[in-house]
Structure formats: structure tokens, C-alpha cells
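The values are calculated or read from the model by the stated rules, or taken from the named source; none is laboratory data. What you see is a predicted model, and the numbers here were worked out from it, not measured in a lab. Every residue, glycine among them, receives a Cβ derived from its backbone with ideal geometry; neighbour counts consider all protein chains shown.
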Amino acid sequence: ALPVWGKAGTNQERTFLAVKPDGVQRALVGDIIARFEKRGYKLVGLKMVWPTKEMAEAHYADLSKKPFFGGLTSFFSSGPIVCMCWEGKDIIKQGRQMLGETQPLASKPGSIRGDFSIDLGRNICHGSDSPESAAHELKMWFPEGVNDWGKTVDSWVYE
Ligand code: UDP
Ligand code: MG
């Protein structure tokens, strides 16, 4: 069986994407899932979780020295998030591209942040930024594993 983090560099590459509490409150979950589904990616893990402050701190541990860490982790644990594992070719980079830039002002219209957000601390979504962070985040958010299902349209998505 495939490990939960998939195989980077293949059509079974996987990433961790999350709709943050602001995206859930603003009813953007369906729109965000639809973008990845329509592009051709495969959804292999999906659940709603209300993170504790400790889970938020573990998720953003690499930012623990930043001045905004307290506010960020309070916000991230302020309501439920939607945790997703998406699979497909180049999904880690492509996912980041579909999210937009960290800063909403720099995010192009057509990206999730460019379409739905204004402020840096309310930028709607999270996405792993490298194969290493994808593996780390998928292990953390999906310890139970994900679903290795075969998608029958893949021969119309991949050459
Ligand atoms: N963030 C913030 N202030 C900053 C930088 C980042 O509030 O000065 C928030 C922002 O919401 C961002 C999150 O912290 O999405 C994580 O930061 P990172 O640099 O990892 O950006 P991302 O990977 O989410 O684009
Ligand atoms: Mg990040």
C-alpha cells in the first residue's frame, strides 16, 4: 500500500490542504473542493476537525519564533477546519499555485486567496509547501490513513 504521504514526483504525489476557520465560516468549502476535483485531482482524505491550540502550535511549529505565532494559532484553533489529502501529478506545487500567495494582495484573481481574501491573517486555506512538509502534515492530520481508491477517469486526465 502507498504510504499516507504518497510518492512525490509521481502521479501519486500527495499534499495536505486545509480550509481554515475563516473559509469554513464563509462557506467556501464546497467551492475549494470543486476547484481541485474539476482540475482532475483525486481526493483521498477528507474530514472536519476543530484543532486545539496545541494542534495549531504543532502544525505551525516552524513559525513558533514569529511575532504573529500567538495570533495565528489562536485563529487556527478558533473553529473547525476541513482537512484534505489530495493526490496527483505535481499536486504539492500546483496546490500552492491554486491557493495563491501567502499575501492576499499578491494573489492573482483566479486563485483561492486571490478570489476570496483581503487580509494576510484571514487567507482562507493552507497547503503544504514541499514534499517534506506534506509528509509531516499528512502524518499529523491523517494518522488513521487515507483512501487508496482507483479513479477510473485517470486515463482521460493523464497521458
Ligand atoms: N501569517 C500572518 N502574518 C505574517 C505571515 C503569515 O498572519 O506575517 C499567517 C498567514 O495566514 C499564513 C500563515 O500565517 O497563511 C502561515 O504562514 P506561511 O508563511 O507558512 O504562509 P503559507 O504557507 O500559509 O502561505
Ligand atoms: Mg506555510
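Before moving on, here are some points about what is shown:
- Flag if Pro80 is modelled with pLDDT of 95 or more, touching a strand residue (DSSP E or B) at 6+ places or on another chain (Cβ under 9 Å), away from ligand 2 (no atom under 16 Å from the Cβ) and not hydrophobic (A, V, I, L, M, F, W, C): yes
- Evaluation of Met48 against (1) more than 16 Å from ligand 1 (Cβ to nearest atom); (2) out of contact with any strand residue (DSSP E or B) (no Cβ under 6 Å at 6 or more places or on another chain) (one fails), failing number: (2)
- Among the residues of region 1-57, those that are among the hydrophobic types (A, V, I, L, M, F, W, C), closer than 15 Å to Phe75 by Cβ and within 12 Å of the chain's Cα centre (by Cα) comprise Ala18, Val19.
- The listed residue being of a type outside the set (Ser, Thr, Tyr), free of Cβ contacts under 8 Å to residues at least 12 places away in the same chain, assigned to a helix (DSSP H, G or I) and over 16 Å from Arg14 (Cα atoms), out of Lys93, Lys66, Lys38: Lys38
- Only residues that are within 14 Å of ligand 1 (Cβ to nearest atom), charged (D, E, K, R) and surrounded by 12 or more Cβ atoms within 10 Å (Cβ to Cβ) were counted in region 51-73, giving 1.
Let's see how each residue does on (1) within 16 Å of ligand 2 (Cβ to nearest atom); (2) surrounded by 12 or more Cβ atoms within 10 Å (Cβ to Cβ); (3) at pLDDT below 95:
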site	(1), (2), (3)
Arg96	yes, yes, no
Glu101	yes, yes, no
Gly110	no, no, no
Gly114	no, yes, no
Ile118	no, no, no
Ser133	yes, yes, no
Gly145	no, yes, no
Trp149	no, no, no
Glu159	no, no, no
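- For region 104-113, residues that are over 27 Å from Gly9 (Cα atoms) and either within 13 Å of ligand 1 (Cβ to nearest atom) or touching a Phe, Trp or Tyr at 6+ places or on another chain (Cβ under 8 Å) (or both) total 3.
- The residue that is farthest from Lys151 (Cα to Cα), among those in region 84-94 that are away from ligand 2 (no atom under 15 Å from the Cβ) and not aliphatic (A, V, I, L, M), is Gln94.
- For region 115-139, the tally of residues that are more than 13 Å from Gly6 (Cα to Cα) and in contact with a strand residue (DSSP E or B) (Cβ under 8 Å, 6 or more places away or on another chain) stands at 6.
- Cross-chain or 6+ apart pairs with Cβ under 6 Å, region 140-156 first and in contact (Cβ under 8 Å) with a residue 24 or more places away in the chain, then part of a loop (DSSP other than H, G, I, E, B) and surrounded by 14 or more Cβ atoms within 10 Å (Cβ to Cβ): Phe142/Val4; Gly145/Val4; Val146/Val4; Asp148/Leu2
- Residues of region 61-86 that turn out to be of a type outside the set (A, V, I, L, M, F, W, C) and under 18 Å from the mean Cα position of the chain (by Cα), as a count: 6
- The condition (being more than 17 Å from Gln97 (Cβ to Cβ), at pLDDT 95 or above and surrounded by fewer than 20 Cβ atoms within 10 Å (Cβ to Cβ)) is satisfied by just one residue among Ala1, Ala8, Ala27, Ala34: Ala27.
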